[in-house]
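Asker: I'd like to ask some things about the structure below.
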Amino acid sequence: MRKLFLAAALCALAFSPVTVSADNPIVIKFSHVVAPDTPKGKGSEKFKELAEKYTNGRVKVEVYHNSTLYKDKEELEALQLGAVQMLAPSNSKFGPIGVKEFEVFDLPYILPDVTALRKVTNGPLGKKLLTLLEPKGMIGLAYWDNGFKQMSANKPLRTPADYQGLKFRIQSSKVLEAQFRALGAVPQVMAFSEVYQALQTGVVDGQENTPSNMYTQKMNEVQKYITHTDHGYIGYVVVVNKQFWDGLPADIRGQLEKAMNEATDYTNEISQKENADAFEAIKKSGTSTILELTAAEKTAMRQAMEPVYKEMASRLGQGVIDEFLKETGGATH
Ligand code: LMR
């Protein structure tokens with residue numbers, strides 16, 4: 001009798017309708033590490049606007065920019081624990097939670113252009129990579145762009161020899177570690193929020209990032225030289241806590257998917273211009289000398305980093321690298 005009563009009570013609890021309303025909304029905490037005035041910052045605000053509109057306020061999205069809630073390393077753990085519901089970490093940051101295949105995006109010169117990128121992210125490889133996230137307790141909803149990376153330091157970086165012995169801040173990716181080692185440099189993993197100070201105090205000598213990330217963190221103010229290399233790419237996977245997402249009322253989830261699709265189109269439409277504008281703003285600020293490489297210097301950089309592909313094949317899986325290159329027609333940048 002007691003057992004029955006308990007079962008009935010549990011049943012009633014499980015099926016009692018959740019009253020989600022504008023007065024009692026579902027809250028989505030969306031945490032990320034970059035500034036509001038970047039492709040990801042603007043994309044997260046666009047998602048908030050659309051999600052709240054399409055659900056008539058039944059969902060409230062709280063966006064936390066600039067690592068105000070979590071730093072790089074903590075944010076994926078917080079998502080797995082359900083302390084935050086939504087993030088958009090760069091592809092480079094999934095290695096430490098055991099999804100190292102995303103580091104394929106970090107291979108030097110792997111992406112010739114944005115058209116090739118879309119083929120990867122919208123094609124079968126993009127979809128397959130997202131499925132690897134589910135056993136980790138998260139769902140990958142979308143790929144968001146940032147852009148191509150540039151190198152910076154307090155000395156001119158033109159050829160691989162210029163990198164010899166310099167310390168470079170990297171994201172937590174073994175591919176990026178191998179990339180800087182291939183240049184004879186010393187890579188150092190560090191949270192994004194700590195880069196400016198590390199450059200300012202000389203804890204590291206240089207770094208690589210997109211113009212929008214450099215400019216909004218004022219990195220150009222503490223780096224005398226920026227080399228226009230476009231040697232790599234930074235993009236994101238928007239991820240949600242799986243249990244949270246699966247537990248949402250279906251109609252609300254549908255509206256949120258619609259909001260995410262539109263926010264994705266918006267982010268990926270503005271990303272190139274955002275970075276071009278930021279690069280212009282850096283040039284105008286006069287803080288740093290911008291170096292353009294000659295054809296011979298570009299070739300030397302590519303050749304120096306070429307061994308990273310072989311070196312990382314066992315980590316990433318040669319199949320993933322080949323599939324990626326098939327989508328790009330074998331072309332690299
Ligand atoms: C970085 O750590 O450099 C980037 O992943 C930051 C970001 O989210 O764009």
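Asker: Can you run down the residue pairs with Cβ atoms below 6 Å, 6 or more apart or on separate chains, where the first is in the range 267-285 and closer than 10 Å to T38 by Cα and the partner is at pLDDT 95 or above and open to solvent by 20 Å² or more (accessible area, probe 1.4 Å)?
Answerer: Here the result reads A278/Y215, each pair linking the range 267-285 to a residue that is at pLDDT 95 or above and open to solvent by 20 Å² or more (accessible area, probe 1.4 Å).
Asker: Does L81 fit the bill of being at pLDDT 95 or above and surrounded by 17 or more Cβ atoms within 10 Å (Cβ to Cβ)?
Answerer: So L81 does not fit the description; no.
Asker: While we're on this one: Checking I270 against (1) touching a strand residue (DSSP E or B) at 6+ places or on another chain (Cβ under 7 Å); (2) open to solvent by 30 Å² or more (accessible area, probe 1.4 Å); (3) among the aliphatic types (A, V, I, L, M); (4) outside any strand (DSSP E or B): exactly one of these is not met. Which one?
Answerer: Failing condition for I270: (1).
Asker: Still on this structure, please answer the following. Since E257 meets every condition but one in (1) touching a strand residue (DSSP E or B) at 6+ places or on another chain (Cβ under 8 Å); (2) crowded, with 19+ Cβ neighbours inside 10 Å, which condition does it not meet?
Answerer: (2)
Asker: Restricted to the range 49-71, and to residues that are open to solvent by less than 20 Å² (accessible area, probe 1.4 Å) and not hydroxyl-bearing (S, T, Y), which residue is farthest from the ligand (Cβ to nearest atom)?
Answerer: Looking at the filtered set, the residue picked out is V59.
Asker: Another question, if that's okay. Which residue, of E297, E323, E306, E311, is in contact with a Lys or Arg (Cβ under 6 Å, 6 or more places away or on another chain) and outside the structural domain of G95 (by TED's automatic domain parsing)?
Answerer: E297
Asker: Going by what's in this entry, would G202 be described as farther than 23 Å from F94 by Cα and either within 16 Å of the ligand (Cβ to nearest atom) or free of Cβ contacts under 8 Å to residues at least 40 places away in the same chain (or both)?
Answerer: For G202, the condition - farther than 23 Å from F94 by Cα and either within 16 Å of the ligand (Cβ to nearest atom) or free of Cβ contacts under 8 Å to residues at least 40 places away in the same chain (or both) - is met.
Asker: I'd like the residue in the range 30-48 that is under 15 Å from the mean Cα position of the chain (by Cα) and assigned to a loop (DSSP other than H, G, I, E, B) and, out of all such residues, is farthest from the ligand (Cβ to nearest atom).
Answerer: P36
Asker: Tally time: how many residues in the range 160-201 are in contact with an Asp or Glu (Cβ under 6 Å, 6 or more places away or on another chain) and open to solvent by 40 Å² or more (accessible area, probe 1.4 Å)?
Answerer: Looking only at that region, the number is 1.
Asker: Also, quick follow-up: Out of the strands (runs of 3 or more DSSP E) lying entirely within the range 96-211, which hold 1 or more residues that are under 26 Å from M260 (Cα atoms)?
Answerer: Correct list: 138-148, 206-209.
The values are calculated or read from the model by the stated rules, or taken from the named source; none is laboratory data. Remember, it's a predicted structure, so these values are computed and weren't measured experimentally. As a convention, Cβ positions derive from the backbone with ideal geometry for all residues, glycine included, and neighbour counts pool all protein chains shown. Remember, those area values only see protein heavy atoms, side chains included, never the ligands or the DNA or RNA. Shrake-Rupley method; radii C 1.70, N 1.55, O 1.52, S 1.80 Å.
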